[in-house]
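Read the structure below first, then the notes.
The values are calculated or read from the model by the stated rules, or taken from the named source; none is laboratory data. None of the values given here were measured: they were computed from a predicted structure. Because the Cβ atoms are built from the backbone with ideal geometry, glycine has one as well, and the counts that use them run over all protein chains shown. The area values use the complete protein model at the heavy-atom level, side chains included, leaving out ligands, DNA and RNA. Shrake-Rupley method; radii C 1.70, N 1.55, O 1.52, S 1.80 Å.
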Amino acid sequence: MTPEQLPIEQYDAQLAEKATRLQAMMAPFAAPDVEVFRSPVSHYRMRAEFRIWHDGDDLYHIIFDQQTKQRIRVDRFPAASELINTLMPKLIDALRDNHTLRFKLFQIDYLSTLSNQIVISLLYHRRLEDEWTAAASALRDDLQAQGFDVQLIGRATKTKICLDRDYVDERLPVAGKEMIYRQVENSFTQPNAAMNIQMLEWALDVTRQARGDLLELYCGNGNFSLALARNFRRVLATEIAKPSVASAQYNIAANHIDNVQIIRMAAEEFTQAMNGVRSFNRLEGIDLNSYQCETIFVDPPRSGLDAETVKMVQAYPRILYISCNPETLCDNLRTLSATHEVTRLALFDQFPYTHHMECGVLLTRKA
């Protein structure tokens, strides 16, 4: 596979191999048949990052081959959204003859949405002065005059210049309801928007008969917590990253949701608070005992849940676990399966044409 050509004809076979591999990994836990969710076969990534190669008077996007470390010129990138592909050559054409904007430029990051908004970040190995701001403003105005809802950001060491705003507002149709999600540049967002919709709708389906309240760890910008709020009396969610918490608070208001509470703290800290090990000022005014959480939702980093958090989540009758690393999920399930059984299993093809798998399990406490 080359960056400019996807092996679309191999997609079905690759997806089937992933499903077989996941089913085998989950066999020790007596998991049900895997529910498989397909990705679009092209233009599925909402974000992309490229290094910039300067070749005399020319410059272009490149990526490095992970095996050979060779650089590969990239003029189009069909894995990325159509909006990113449309703007890649326009941006290079604008930068090529503009010394102020191209001098010591080494990377360009794109963050786009299905709602056709995009933030483009230009990264430099030099200080950015007022001259850069003026040139970048002119470029932004030109792109906006062509009909693009685009924002430009300049980054250098200890510097971030934001001309207007550093975010996009995504709009996703989720089970008959449009959800608004603010996504901030350089913060985590789900890379595959079409797959994100399917993940949210699956999570809604498996919690359809849920009772009581929901506790969520690692909530990010509220991606799952806000969509799931309709299935629960109240939602209590934790997140450590400040920009994500700010986005989550905006998203709560934008979606007119009144039953979600976001707390800025790490999952490990929240575990300590729940176990009475430590008290936290950030929890002042929040009565944890008033929540009747019968379901806990976790979407941890690739390392999975730490041992203390695994013990904590075992206290809940239902555990909804989204994993970007089935190997660490299986590590956690070796403990969780002592008290819970896997009642639903899903494969979300977040990263087509790679070996990576995203999956979801619903665990229900054994009788």
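Filtering the stretch 230-247 to residues that are of a type outside the set (S, T, N, Q) and either open to solvent by 10 Å² or more (accessible area, probe 1.4 Å) or not assigned by the TED database to the domain that holds LEU283 (or both) leaves ARG230, PHE232, ARG233, ARG234, GLU239, ILE240, ALA241, LYS242, PRO243, VAL245, ALA246. Are any residues in the stretch 208-228 in contact with a Leu (Cβ under 7 Å, 6 or more places away or on another chain), touching a residue at least 60 places away in the same chain (Cβ under 8 Å) and surrounded by 21 or more Cβ atoms within 10 Å (Cβ to Cβ), and if so, which ones? Result: LEU214, LEU215, PHE224, LEU228. If the condition is being among the polar types (S, T, N, Q) and surrounded by 10 or more Cβ atoms within 10 Å (Cβ to Cβ), then the stretch 47-68 contributes no residue at all. Assess whether LYS158 counts as being free of Cβ contacts under 8 Å to residues at least 24 places away in the same chain and out of contact with any helix residue (DSSP H, G or I) (no Cβ under 7 Å at 6 or more places or on another chain). When the stated conditions are applied, LYS158 passes them. Candidates in the stretch 171-196 are the residues that are without any contact (Cβ under 8 Å) to a residue 60 or more places away in the chain and within 12 Å of the chain's Cα centre (by Cα); of these, the one that is least open to solvent (accessible area, probe 1.4 Å) is ASN196. Among the candidates THR343, THR354, THR335, THR328, the residue that is assigned to a strand (DSSP E or B) and among the polar types (S, T, N, Q) is uniquely THR343.
Restricting to the stretch 341-352, name every residue that is more than 18 Å from ALA203 (Cα to Cα) and surrounded by fewer than 23 Cβ atoms within 10 Å (Cβ to Cβ). Let's see the steps before the verdict.
Step one: of the stretch 341-352, the residues more than 18 Å from ALA203 (Cα to Cα) are 351-352.
Of everything in the stretch 341-352, just one residue is more than 18 Å from ALA203 (Cα to Cα) and surrounded by fewer than 23 Cβ atoms within 10 Å (Cβ to Cβ), namely PHE351.
List, please: which pairs have Cβ atoms under 8 Å, are six or more places apart or on different chains, and start with a residue in the stretch 1-17 that is open to solvent by less than 50 Å² (accessible area, probe 1.4 Å) and end with one that is of a type in the set (Asp, Glu)? From residues that are open to solvent by less than 50 Å² (accessible area, probe 1.4 Å), the pairs are LEU15/ASP349. For the stretch 79-117, the candidate set comprises residues that are open to solvent by 70 Å² or more (accessible area, probe 1.4 Å) and not in a helix (DSSP H, G or I); within that set, the residue that is nearest to THR189 (Cα to Cα) is LEU114. Among the residues making up the stretch 283-325, those that are farther than 21 Å from ALA346 by Cα and part of a helix (DSSP H, G or I) are LEU283, LEU288, ASN289, SER290, ALA307, GLU308, THR309, LYS311, MET312. Count of the stretch 233-260 residues, restricted to those that are among the aliphatic types (A, V, I, L, M) and in a helix (DSSP H, G or I), is 6.
Residues in the stretch 317-340 that are closer than 13 Å to LYS366 by Cβ and open to solvent by 10 Å² or more (accessible area, probe 1.4 Å): 5 in all.
On the stretch given as the stretch 130-155, residues that are touching a residue at least 40 places away in the same chain (Cβ under 8 Å) and in a strand (DSSP E or B) total 1.
Taken over the stretch 144-176, the criterion of being in contact with a strand residue (DSSP E or B) (Cβ under 7 Å, 6 or more places away or on another chain) and more than 17 Å from SER112 (Cβ to Cβ) is satisfied by GLY154, ARG155, ALA156, LYS160, ILE161, CYS162, LEU163. Of all positions in the stretch 290-298, at least one carries a residue that is of a type in the set (D, E, K, R) and in contact (Cβ under 8 Å) with a residue 60 or more places away in the chain.
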